[in-house]
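Just below is one structure, and these are the notes that go with it.
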Amino acid sequence: MVTGGSRGIGAAIAVRLASSGFDIWLNYRSDHEAASRVRDDIVAMGRECVLLPFDVSDFDAAEKAVRPLLDETVPYGIVHNAGFARDSLAALMTREEWDAVMGVHLDGFFNIVRPVLRLMMRKRRGRIVAITSVSGQAGQAGQFNYSAAKAGLEGAVKALAREVAPRNILANCVAPGLVETDMTSGLAVEEIIPLIPMRRPGRAEEIAGAVAFLFSRDASYITGQVIGVNGGLYM
């Protein structure tokens, strides 16, 4: 299951995991056209793709969408990629801006993982990956809510990794730096690139590659880690 999978990093992750042999449950909020295109790409590979349109921050909506699927099968893995930014300085931030960002990143992670986790534990296998951010590792002025949400997500994943490792379930984070997506299109990229040792933004496919590795047999002894994919922006 991939949340926020209709565009950008989420879409790239879904397609990459499909190319690795996984069927996909693709969550998205409202962009039906974009999600359908991702589904078409996955089906063209010979894999199955179930579209799940709901807001991950809505507990009841997540339960309603996911529970019926769990009666038939238990997903091998979850990628919580859904996220967005409402940037503002802390002194100017509204409660709505704070709550909205926390809701998607942190409540969304709980809402998605909770109904699946106990079933994963019974099967004694699973992979959970949260897409965080360099902003959660280093902090970023103007991203008081976003940095807090991503840092909190990393803490949640590390705690979860300790809880479920005895059941052969691995939980990790992938923390992108500046990646060319719709979400970063409004940023002053030319001002950020000199700060990146590799002198370029990342590509969504490069983040997807790290996720695919964490879903592979080669990553069977990696858990509780934050893997930075940031061109050297944060070390």
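Any read-out appearing in this document is the output of simple, stated calculations on the displayed coordinates, not a laboratory observation. What you see is a predicted model; the values in this text were computed from it and never measured. Positions of Cβ are backbone-derived with ideal geometry, glycine not excepted, and every protein chain shown enters the neighbour counts.
What number of residues within the stretch 181-212 satisfy the criterion of being of a type in the set (A, V, I, L, M, F, W, C) and crowded, with 16+ Cβ neighbours inside 10 Å? Walk me through it before giving the result.
At the first step, the residues of the stretch 181-212 found to be of a type in the set (A, V, I, L, M, F, W, C) are 183, 187-189, 192-193, 195-196, 198, 204, 207-208, 210-212.
Checking which are crowded, with 16+ Cβ neighbours inside 10 Å leaves us with 196, 204, 207-208, 210-212.
Of the residues in that region, 7 qualify.
Taking the stretch 17-36 as the range and being touching a Lys or Arg at 6+ places or on another chain (Cβ under 9 Å) and either closer than 26 Å to Ala100 by Cβ or of a type outside the set (A, V, I, L, M, F, W, C) (or both) as the test, the residues that pass are Ser19, Gly21, Asp23, Leu26, Tyr28, Asp31, Ala34, Ala35. Of all residues in the stretch 192-206, those that are touching a residue at least 12 places away in the same chain (Cβ under 8 Å) have Cβ atoms under 7 Å from Cβ atoms of residues that are assigned to a strand (DSSP E or B), 6 or more apart or on another chain, in Pro201/Val179; Gly202/Pro176; Gly202/Val179; Gly202/Val229; Arg203/Val179; Ala204/Val179; Glu206/Val229. Among the candidates Thr132, Thr73, the residue that is within 28 Å of Leu187 (Cβ to Cβ), of a type outside the set (D, E, K, R) and out of contact with any Ser or Thr (no Cβ under 8 Å at 6 or more places or on another chain) is uniquely Thr132.
Taking the stretch 1-47 as the range and being in a loop (DSSP other than H, G, I, E, B) and either among the hydroxyl-bearing types (Ser, Thr, Tyr) or within 20 Å of Ile112 (Cα to Cα) (or both) as the test, the residues that pass are Met1, Thr3, Gly4, Gly5, Ser6, Arg7, Ser20, Phe22, Asp23, Arg29, Ser30, Asp31. Scanning the stretch 118-136 for residues that are more than 20 Å from Ile13 (Cβ to Cβ) and outside any loop (DSSP other than H, G, I, E, B) yields Arg118, Leu119, Met121, Arg122, Lys123.
Looking across Glu154, Glu96, one residue alone is among the acidic types (Asp, Glu), part of a helix (DSSP H, G or I) and either without any contact (Cβ under 8 Å) to a residue 40 or more places away in the chain or closer than 21 Å to Thr181 by Cα (or both). It is Glu96. Looking only at residues that are closer than 10 Å to Pro176 by Cβ and in a helix (DSSP H, G or I) in the stretch 195-213, which one is farthest from the chain's Cα centre (by Cα)? Step by step, filter the stretch 195-213, then rank; the result is Glu206.
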